Amino acid sequence: MASKRSLATKLGVVAGFEAPSAALEQYPTPPDLAAHVVHLADLHGDVDARTVLDLGTGTGMLALAAALRGPARVIGIELDGDALVTATENQRRVAASAPVHWLQGDATRLPLDVPDPVTVLMNPPFGAQDGHRNADREFLTTASRVATVSYSVHNGGSREFVEAFAADNGGEVTHAFAADFAIESQFDHHTDDSRDIDAEVYRIEWR
């Protein structure tokens, strides 16, 4: 197994959003964080020979990280067609050997049946924008329906919500850790060139 550092280095070529949407909270997952999440998933046997489903894949960071670790297949679901064009270009840059399929659609209303066993990876909207509160709940609902295990990135302070949601939907949080999420200035309301926000990552086993 390649190191987490080497995985992050390979992901350094993944391009972000050309025209990000604030309403969709399109913030690219940092390569170091994606490498950390996928490396942890691989250590737990949650990638090799499995179907990896990236909900709200954006430009493909988590999907392509998984594709470098020997899954049976990777499927990235994304509502934004322009982001998927970039994801396809990123796939060529990364040159992963595993098959990667990009599908335009609503990650909270999956337009396909996913081959078992399924691992979900996702960096869903944090629900920080007005009118989109608790947006990550719908992504967790999808994960609970199709996955045996999921890894998801959430806003800091989400532990009580995530653990309660898992318990109410046949799941159990097995691992949780804090992470820095670096956000570059990309919207008019951003006043800093870059800043780190507190994030949390959860591994949930679903029954």
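The values are calculated or read from the model by the stated rules, or taken from the named source; none is laboratory data. Because the structure is a prediction, the values reported are computed rather than measured. Glycine also receives a Cβ, built like all others from the backbone with ideal geometry; neighbour counts cover every protein chain displayed. Accessible surface areas use protein heavy atoms only, side chains included; no ligands, DNA or RNA. Shrake-Rupley method; radii C 1.70, N 1.55, O 1.52, S 1.80 Å.
Restricting to the stretch 1-17, give me the number of residues that are surrounded by fewer than 17 Cβ atoms within 10 Å (Cβ to Cβ) and part of a loop (DSSP other than H, G, I, E, B).
Selection size over the stretch 1-17: 6.
So which residues in the stretch 48-83 are farther than 25 Å from Ser144 by Cβ and either of a type outside the set (A, V, I, L, M, F, W, C) or touching a Phe, Trp or Tyr at 6+ places or on another chain (Cβ under 7 Å) (or both)? Break it down stepwise before answering.
Start the filter on the stretch 48-83 by keeping residues that are farther than 25 Å from Ser144 by Cβ, which leaves 59, 68, 70, 81-82.
Those that are farther than 25 Å from Ser144 by Cβ and either of a type outside the set (A, V, I, L, M, F, W, C) or touching a Phe, Trp or Tyr at 6+ places or on another chain (Cβ under 7 Å) (or both): Thr59, Gly70, Gly81, Asp82.
If Thr191 passes every condition in (1) among the hydroxyl-bearing types (Ser, Thr, Tyr); (2) modelled with pLDDT of 95 or more; (3) assigned to a loop (DSSP other than H, G, I, E, B) but one, which one does it miss?
(2)
Given the stretch 18-127, what helices (runs of 4 or more DSSP H) lie entirely inside it while holding 1 or more residues that are in contact (Cβ under 8 Å) with a residue 12 or more places away in the chain and open to solvent by 50 Å² or more (accessible area, probe 1.4 Å)?
31-43, 81-94
Looking at (1) more than 17 Å from Ala34 (Cβ to Cβ); (2) open to solvent by 80 Å² or more (accessible area, probe 1.4 Å); (3) at pLDDT 95 or above; (4) part of a strand (DSSP E or B), find the lone condition where Ala178 falls short.
(1)
Could you give every pair whose Cβ atoms fall below 6 Å, whose first residue belongs to the stretch 135-156 and is under 13 Å from Leu110 (Cα atoms), and whose second residue is open to solvent by 10 Å² or more (accessible area, probe 1.4 Å) and among the hydroxyl-bearing types (Ser, Thr, Tyr), counting only separations of at least 6 or pairs across chains?
Glu138/Thr108; Thr142/Thr108
Would you check if Ser150 is in a strand (DSSP E or B) and either of a type in the set (Ser, Thr, Tyr) or modelled with pLDDT of 95 or more (or both)?
Yes.
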